[in-house]
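The values are calculated or read from the model by the stated rules, or taken from the named source; none is laboratory data. Being a predicted model, the structure only gives us computed values, none of them experimental. For neighbour counting, all protein chains shown are included, and Cβ atoms are generated from backbone atoms with ideal geometry for every residue, glycine included. Accessible surface is based on the protein model in full, side chains and every heavy atom, while ligands, DNA and RNA are left aside. Shrake-Rupley method; radii C 1.70, N 1.55, O 1.52, S 1.80 Å.
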Amino acid sequence: MATPIVKLNSGYDMPLVGFGLWKVNKDTCANQVYEAIKAGYRCFDGACDYGNEVEAGQGVARAIKEGIVKREDLFLVSKLWNTFHDGDRVEPICRKQLADWGTDYFDLYLIHFPVALKYVDPSTVYPPGWNAGSPEPEFSNATIRETWNAMESLVDKSLARSIGISNFSIQLIMDLLRYARITPATLQIEHHPYLTQHTLIKYVQKQGIIVTAYSSFGPLTYLELNHKSAKETPLLFDNPTIKSISERASKTPAQVLLRWATQRGIAVIPKSNNPGRMAQNLDVTGWDLHDSEIEAISSLDSNLRFNDPLSVNTPAPPFEMRSF
Ligand SMILES: NC(=O)c1ccc[n+]([C@@H]2O[C@H](COP(=O)([O-])OP(=O)(O)OC[C@H]3O[C@@H](n4cnc5c(N)ncnc54)[C@H](OP(=O)(O)O)[C@@H]3O)[C@@H](O)[C@H]2O)c1
């Protein structure tokens, strides 16, 4: 099944539905990417931090070798990890990630978090994560401006066709737009009915920046990590509003949640290890929710954020990423 595309401000087309690679195990990743391509996925959302870029690239290589797709049919996304924010570290790590994927360019390369950590040599620990073996994260003095200028150079050198940001607040984006030579093509954020981020989304869409939603099913993905806040929150799939819309539309609750985003022009990148659910998640365009249903789902907003890594993984003070 082909997925609709959205035009980025860089002039390139991005599929509205992609496949997320976070928590896809190394040993199954190549096969999952290959199967996802066979199922119709053309966009893959990877990152240094996911630790599976080599394997994802193997899946892509197999699909290309078998003639299922050409490289230009695919939209490969990767992300700059926090330990590589210093201006002179951006290009070398991007080149390493490109080599891992076995490709000459990323379709989209994002700053993963607006948090600069001290450089960690990839030959020592890779991916370095938040702590790289230290008890607490160690920060770098790199400014976002320095990092963004280096990201822009990746476009100049054709290493990335489009560049973007992730987990940025309105204020950081406002500031970045004051000096950016290249406007971010996309903003990737946590977005589900418990965290609608209405003001942030309205602001960035007005700037011509496409929003990509991650963790579209809310707490579900964080249960895999045993996060306390996820365990204490009712699953969105069990919510009566979502259930009744799912029955009315004859779609699964997961599809309703994804359609709630795509119908408003927000890209989604669900991850599934299950072939049936993988196929299901691709069928989230081409049918519509009623306006009143979109509103009813949006009204579930509770400003509940599940992905707040520094507050969960480390003894460092909580890292506040709210939009305002
Ligand atoms: N930029 C960032 O900081 C950031 C942060 C988080 C995520 N992301 C990106 O966003 C992607 C997606 O987010 P996510 O991985 O957090 O979670 P997600 O896609 O919202 O949810 C994944 C969870 O939902 C289950 N699932 C998937 N499809 C389903 C369906 N149709 N019905 C029922 N259950 C279903 C999966 O289980 P099964 O696998 O068993 O199906 C898994 O437990 C990531 O893979 C990553 O690429 C980015």
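Listing for the model above:
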quantity	calculated
Cα convex hull volume per residue for the stretch 75-116 (Å³)	60 Å³
Per principal axis, descending, Cα span of the stretch 248-288 in whole Å	26, 23, 14
The chain, accessible area per residue, ligands and nucleic acids excluded (1.4 Å, Å²)	42 Å²
Share of carbon and sulfur in the accessible heavy-atom surface of the stretch 22-155 [1.4 Å probe, %]	47 percent
Alpha carbon centroid spacing (whole Å) that separates the stretch 59-95 from the stretch 138-179	17 Å
Translational diffusion coefficient (Stokes-Einstein; Kirkwood radius from C-alpha pairs) of the stretch 42-89 at 25 °C, 0.890 mPa s, in µm²/s	204 µm²/s
Probe 1.4 Å - accessible area at E293, Å² to nearest ten	20 Å²
Share of alpha-carbon pairs per 5 Å distance bin for the stretch 88-201, given as whole %	2, 10, 19, 21, 20, 15, 10, 3, 0
Two-decimal Rg to Rh for the chain - Kirkwood Rh, Cα set	0.94
Set of the stretch 28-54 residues, backbone N closer than 18 Å to the point 7 Å along the Cα-Cβ line of N273	28-36, 50-53
The chain - share of DSSP beta bridges that are antiparallel (%, nearest 5)	15 percent
Kirkwood hydrodynamic radius of the stretch 1-68, Cα pairs, Å	12.5 Å
